[in-house]
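*Asks:* Take this structure first; my questions come after.
The values are calculated or read from the model by the stated rules, or taken from the named source; none is laboratory data. Computed from a predicted model, the values in this text were never measured in an experiment. Backbone-built Cβ (ideal geometry, glycine too); neighbour counts: all protein chains shown. Heads up: the accessible areas ignore ligands, DNA and RNA and are worked out on the full protein's heavy atoms, side chains in. Shrake-Rupley method; radii C 1.70, N 1.55, O 1.52, S 1.80 Å.
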Amino acid sequence: MMRKKRHSSVEKVAGTTAATSKFHAKKSRNSGRQPKDAASEEASETAFVTFVKKAGVGLKHNGASHEIGGFPKANTILKEFITDLEAYIENPDRFRNCLLPCIPQLSEGDVRSVSSFQESLIRMLLGIEMLQTLIISTLLEKLPEFMFDGTVDGGLNIPRMIINQLKWLDRVVDTKELAVKLMELVSVAPVEVQRDIITSLPEILEDSQHNDIARELNALLQENTQLTVPILDALSSLNLSSSLLTEVREAVMATLAAVQLEDLPVVVKFILHSVSASNAYEVVSNLRQKLELEQCVLPPVLQASQIRMKSKSSAGQDSVTLVLDCIKSAVRFQKTISEAWLKAIESVGDIEDHKVLDLLVLFILHCTNANQSRRGAERVLKLKVRTGLMQEALLQKTFRDYSQVMRGYFPSILALAQSLVRSPDPCVVPFGGQMYRHSFTAFDSYCQQEVVGSLVTHVCSGVSGEVDVALELLCSLVMEKPSEMALYAVFVKGILDYMDNLTPQQIRRLFHLLSRLAFGQQQQGSHIQDDMHIVIRKQLSSTVPKYKRIGIIGAVMIVGSMGALSYVMFLIFTFLLSLLQVTALLELVKSSSESSPEAAALYYDELANLIWSSALDPQVEVLIHSFSFFHPFSSCSVLCSRSFIFPACAMYNLEEDESQGGIAINLLPLLAKETQNKGEQQSQIGKQKRVSPLCLSPFFRLLRLCEEKRHQGDLEEIDALVGCPLILTNMDVVDKVDSLSKAEREFICTLLFHTINWFREVVNAFCKQKETEMKMKVMTRLQNITFLQTLLERALAGTTGYMPPVSNFDGETTDGISFGVPVNKGKKDGTGKKRKAPGKNAPEAVSQPEEATEADETQQEQPEKEKEKENRLGVSLTAYRPFFRELDMEVLSVLQCGLLSRSLLDSELHTKVQEEVVLGPTELVFLLEDMQHKLEFSLTAAPAKRAPFLKMRADKTVGFSHLQQRSTKDIASYCVQLLPALCSHLENCHNHFQTLLSENNGVVDGPSTDVEEHQVMSSGYQLLLQVINTTFSWSGFSQPGQRSLLKKALGLLAGRLKEGGPELTLEQLVKHSFEYLLNFRSTMPSLSTALCLSQLLSTVSEKGGNPGAYREQTASLARRFLNQSWVTASGEKERGSKFNEALHTLLSIYLEHVDDVLKAVEEIAGEGITELINTSKDESSASWPTLNRQTFLVFYKVLMAELEKAARRIPAGKMSDSSEAQSEKLLTWNLAVRDFHILVNLVKVFNSRPVLNVSLKYGRLFLESFLKLGMPLLDYSFKRHKEDVQSLLKTFQLSTRQLHHMCGHSKIHQDTSLTNHVPAVKKSLELFVYRVKAMLTLNNCQEAFWMGNLKNRNLKGEEILSQRSQGSDDDDEEEEGDQELPPPQEQSDDEEDSTEDSD
């Protein structure tokens, strides 16, 4: 302990002062000295001599030494001195003066510089060791007289002054006795004196007493919590041993819960400043567990009542601030503490165990200057949010109760929120959005401005997910805090300059946001109204379609805000004015869109969306409804008798009684007129109003929604449209499409597109009607749609280069899409018939994997005539989805009707069909395809990606405009409502195939099998499983708020198997659902359907708390499907790229869920492939029927990939491993190396380029894993298990030799796809050689290693002749061993020294 140095003159001054009480003769140094010649023998009895003699020193003359004799009166004098001193200080004033510093007195003319501060008299006396103990006793006996006096006049505290006399003495004569007396005094003194004494202990006592006094203070701390702060201050200044410090810290930690609020910061500071690197994690974890910040603040209910008492209400916040400052100071200057905090927070495994402190500490760690700490905090926060351990409730509680504290960490909060929102992981993005929202709500105007500015930056970034979250947040803030957001309307308005990168839905949200700010109830944002009008007029007047679309969308959103119910009620006195503004804006949009059918159609669609999604004032709704928009039907309801390209006739009439006005949709005349007008000049188009067939469906949607709004869902006034005929032509012309001209073919295709889109809107409109007759008509329209789609496929097959009419008008439908050579859809993908390769103008489709493409090379080619016949059957409409009108989610309610299948018999699953209105298989497939596309778009989370600079592909959001206006929670809830209907259809499909198998005696392709029906039912079966799997794969089910929805969904599945019963737990529901779905395994019609069932079972098993319990069942099911021979309804084996993809995924599922991957790989490679080698060309393996020469590549790639993954999961060898652990790991590596050897040697039989590619790729990865994980094991286990290590290396050497031959083969054939792997493989092979040498050297067996040059050979082992002259090439792999044996690269047996040259 460092102490303050005192002047050495203290004793002199003190001694002189004491002597003056007996002697009164003292001279200064200058005046008391006499010259030697003036001193005489007789004058020896001077004051000096007398003083020295009194002091006990005898002066001798004549050269003799002076003597120090006894001082018989010393004790008497000391007693007299102390007695007189006690008598002197009986007077309080005298005692106070003795405690105060002395004032120096100088003689006249003395100009020496003297310090202004001098020691007190008592202090100087304490410097005399023989007086020190007596004076200390006197002072401590005197102190109780002043204990309760407090501060006297002049601001002096006598007890404190007494204690100050004892500080920083040069030497304490009896420090142990002093410590005892001080602690006795502490036991009886009042609190103030106790605090003074305790805090002064480190400055009074010597280091030898620190440990003892620390123990006493520790005991005192347990008894009296009022002394917590002074005791901890004293302990912090004491020099303690590590063991005692740990003991004291644990004792302090134990009292943490009982510490007073104002003392908490000191306690935390002491704990954190007393840790070392070895115990930092333990101490921090214990502190985190015991520190309850929730007790430091009042509950929100009581905070309101404490507003008047600001000192009390802010005390908790101040204490928390001081505690966090202590933590911040510790983590800033001690790296071990920051790492310990990160580790402690990361180790928490339950949601309930996370505290507010965790979030606050992460904010503290992020705000420090250390980059490592900042990155660590960000990483831990993302990890906790991704795993669902930190949720929005904890964040809300933190902002609600600690807003004043968190204000100091706002920069870190903002930076973390930006990082989360920009993350490509969709699971963490919402949490970042909540951080923004709470920051805006809880903090001051400066922070609000920063939040808005950051959100605007996100919107302008161009990343789709980032833009969506930021716009959603801005909209919610406008709804929750309109007056505050109105202040920052100018910032939000700046987004208008960056609309080029926004999707239509994002543009809708932006204008909804701005219009609410500009035209909402709060008038602060009214200053941007003029800017909004200017922007809208500018966009509407643009001749660029993209900007005109933006103008139409923005204008309609402004109409929605101006006509909102709350706005009109707020401006009740200006109601007429607001209606005039709405009318003027609608007129402006109408006049701007008249010249373009696409613009007019978009106008109708946007108005329909407004009617559907907004709560408008009734007067505004009437204005929109009666705004003279009904001219399309007045024009198209008149049947013209003129002649057209094709003869006109009324078709698809469902009205038996035609006396009700004879309404018909003049589609053919309208289309013919539009086709004729295309050749006219643009100047003539604006002179006359013409109706485009493009506007029919959008306008009908607007009309229907207006009627629904006016009549609360009743469509009686327009129900004639559901069954009215369309003026079309005889569709037999499609069969003669090849004989038509190009214009006629395109006309037919366009007519079919418009007809299908009309029927789709009809189904949208009337699908929710409850009458049986209306349901039957809707079902008929679905049948019309599916039939017309088959016609359209055939028509498109003969119409190359055709561009369909636009049906979704809010985006660039044609961007990145062009159409050319048709794609065959005449037969299912599983038939194995090869499709004609699509041309460069083919519809956008998923490219086939390289392996699948290569595998198809080995399949037999079809005759050209058969190919042409299949191409004539039709094209796939998948790429044409953007050109069809979007079906609403309500259309899926049709799925609740029964399924009209070949078999309606009850089974053990209790299938019952009671509905009169039944759904056909083709219509079921149609609805399920649409549902699956909707769920993949909305429920399947995709990582956020920045938009490319050049937009090469079509916008994926086209065709989902209505779906985007629904939340994912609403979509998931609707799907859960449909689960009973989906399960009923699933059971009907199961019954159908079960009956089919029983009729055909278990044969799929029996004589009673209808091939077309079999294909449709197979597609329906597969789609049902896919839809259910996509529903359960929704990531939202992991959120705590959706747990009830998950239990409801699982309960619906479990209830199909076990009805009734008490409330089941989630795990029980998962078990029953798994068992229910497992019952369908016996009727899988195709491998793709079997894969969907396996994936669904895997998804459901993961929803419980123990997914490992279902691994064995999942693996067994996958193996069952792999051991099954899959045959189509026509009797052919399933083949083709789709089959190979499904087989690849199914085999991966099997190997991922099997208990022992290495044994499974050895079984397939050693038995199944061996059987395949011994069979003829077209036969399959007996034990694995799905394994044949066409699917060998699929099996080979999966086996190599899973073997490499299994090798990476083998634990690395450690020196501390026991012999048994080493043996177990060696056995595992032996199995892995043996499997690898079997797979690598297969290239001798299957030597195609794709197989070699897979072998080189995964061979290098396996070799790298062995070097990283296997070789350390060999280092430590070589001496104990020499023979096992030698056997392993010899086996592995055979595999590396084969890899070397593959490299030589690649060089000879100069195949780029293979030679790209060669350098990395050669490098790994060389590393392997030198690593084995290092292992032998480590075990003192380096003489057993010999190295030579390996010649280049091909796959058959033949020497590459062109390489004879390069026998010493350095890039060849080195080896050692005997040529007669399978040549090992390294001889690992230390007893065998090879000296023969193998080459």
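*Asks:* Once you order the gyration tensor axes a ≥ b ≥ c over the Cα atoms, which shape class does region 1052-1191 get: rounded for a/c under 1.5, otherwise prolate or oblate by comparing a/b with b/c? Don't skip to the answer; put the middle values down first.
*Replies:* Numbers: a/c = 3.13, a/b = 1.84, b/c = 1.70.
Prolate is the answer for region 1052-1191, as a/c is 1.5 or above and a/b outweighs b/c.
*Asks:* What is region 1049-1180's relative contact order, in percent, from Cα pairs under 8 angstrom and six or more apart in sequence?
*Replies:* Numbers: 98 pairs, mean separation 27.3, N = 132.
Across region 1049-1180, relative contact order equals 21 percent.
*Asks:* Moving on to the next point. Within 10 Å, count the other beta carbons around each residue, average over each peptide in 1311-1322, 1274-1285, and list them highest first.
*Replies:* Details: 1311-1322: 15.5, 1274-1285: 18.2.
Going by the mean number of other Cβ atoms within 10 Å, highest first, we get 1274-1285, 1311-1322.
*Asks:* Give the Kirkwood hydrodynamic radius (Å, one decimal) of region 1114-1265, defined as one over the mean of 1/r across all pairs of different Cα atoms.
*Replies:* Result for region 1114-1265 stands at 16.4 Å.
*Asks:* May I ask for the net charge around Ala470, where only other residues with Cβ less than 12 Å from the Cβ of Ala470 are counted and Lys, Arg are +1 while Asp, Glu are -1?
*Replies:* Details: positive: Arg422, Arg437, Arg509; negative: Glu466, Asp468, Glu472.
Its environment carries a net charge of 0.
*Asks:* Run through all the Cα pairs of region 1217-1296 and give the fraction in each 5 Å bin from 0, expressed as whole percent.
*Replies:* 3, 15, 26, 22, 14, 10, 6, 3, 1, 0
*Asks:* Hey, another quick one. For Asp719, Asp233, give me the order by solvent-accessible area with a 1.4 Å probe, most accessible first, ignoring ligands, DNA and RNA. Working shown, then result.
*Replies:* Working: Asp719 50, Asp233 75 Å².
Heavy-atom accessible area, descending, gives Asp233, Asp719.
*Asks:* Have a look at Gly1166, Phe1195, Trp1184 and report the one farthest towards the positive end of the charge dipole of region 1143-1197, computed about the Cα centre with Cβ charges (Lys/Arg +1, Asp/Glu -1).
*Replies:* Phe1195
*Asks:* Now a separate question. In region 719-768, which GluC sites (Glu not before Pro) fall in coil by DSSP and have 13 or fewer other Cβ atoms within 10 Å?
*Replies:* Loop-located and lightly packed - none at all.
*Asks:* Same structure, new question: Please state, rounded to one decimal and in Å, the Kirkwood hydrodynamic radius that region 468-543 gives when every pair of distinct Cα atoms enters the mean of 1/r. Intermediate values should be presented prior to the final figure.
*Replies:* Values: mean 1/r = 0.0793 Å⁻¹.
For region 468-543, inverting the mean 1/r across all distinct Cα pairs yields 12.6 Å.
*Asks:* Within region 1175-1298, what whole-number % of the accessible surface is contributed by carbon and sulfur, with the 1.4 Å probe and all protein chains included in the calculation? Numbers along the way, then the final one.
*Replies:* Numbers: 2370 of 4750 Å².
Here it works out to 50 percent.
*Asks:* Over what distance in Å are the Cα centres of region 1264-1324 and region 473-487 separated?
*Replies:* 64
*Asks:* Would you mind getting the Kirkwood hydrodynamic radius of region 374-423 from its Cα pairs, rounded to one decimal in Å? Spell out each step's value before the answer.
*Replies:* Working: mean 1/r = 0.0861 Å⁻¹.
Taking every pair of different Cα atoms in region 374-423, averaging 1/r and inverting gives 11.6 Å.
*Asks:* How much of the accessible area of region 717-769, in percent, comes from carbon and sulfur atoms when a 1.4 Å probe is used?
*Replies:* Details: 690 of 1580 Å².
Summing carbon and sulfur atoms, their accessible area is 44 percent of the total for region 717-769.
*Asks:* Can you give me the long-range amide H partners of Arg1135? Hydrogens built in the peptide plane at 1.01 Å from N, cutoff under 5 Å, separation of 5 or more residues or another chain.
*Replies:* Result for Arg1135 returns Thr831, Gly832.
*Asks:* For region 313-365, which GluC sites (Glu not before Pro) are in a loop by DSSP, counting at most 13 other Cβ atoms within 10 Å?
*Replies:* On the way: sites: Glu339, Glu346, Glu352; in loops: Glu352.
The qualifying sites are Glu352.
*Asks:* Cross-link list Lys1225/Lys1323; Lys335/Lys384; Lys481/Lys956; Lys481/Lys590; Lys742/Lys1138: which exceed 30 angstrom alpha carbon to alpha carbon?
*Replies:* Values: Lys1225/Lys1323 26 Å; Lys335/Lys384 22 Å; Lys481/Lys956 34 Å; Lys481/Lys590 34 Å; Lys742/Lys1138 34 Å.
From Lys1225/Lys1323; Lys335/Lys384; Lys481/Lys956; Lys481/Lys590; Lys742/Lys1138, over 30 Å: Lys481/Lys956; Lys481/Lys590; Lys742/Lys1138.
*Asks:* In region 725-789, which trypsin sites (Lys or Arg not before Pro) fall in coil by DSSP and have 13 or fewer other Cβ atoms within 10 Å? Spell out each step's value before the answer.
*Replies:* Values: sites: Lys736, Lys742, Arg745, Arg760, Lys768, Lys770, Lys775, Lys777, Arg781; in loops: Lys768, Lys770.
Answer in residue order: Lys770.
*Asks:* While we're here: Go ahead and run the numbers for FRET between Asn653 and Met803, Cβ-Cβ distance against an R0 of 35 Å, rounding to 0.05.
*Replies:* Values: r = 31 Å, r/R0 = 0.88.
Given R0 = 35 Å and the Cβ-Cβ separation, E is 0.70.
*Asks:* Same structure again: How many angstrom lie between the Cα centre of region 170-199 and the Cα centre of region 325-399?
*Replies:* Using only Cα atoms, the two centres lie 43 Å from each other.
*Asks:* How big is the accessible area of His273 in square angstrom, nearest 10, if you roll a 1.4 angstrom probe over the protein chains?
*Replies:* Using a 1.4 Å probe on the heavy atoms, I get roughly 90 Å².
*Asks:* What number comes out for the charge environment of Glu1220, summing +1 per Lys or Arg and -1 per Asp or Glu over other residues with Cβ under 14 Å away?
*Replies:* Numbers: positive: Lys1214, Lys1225, Arg1280; negative: Asp1217, Glu1224, Asp1284.
Counting the neighbours of Glu1220, the net charge comes to 0.
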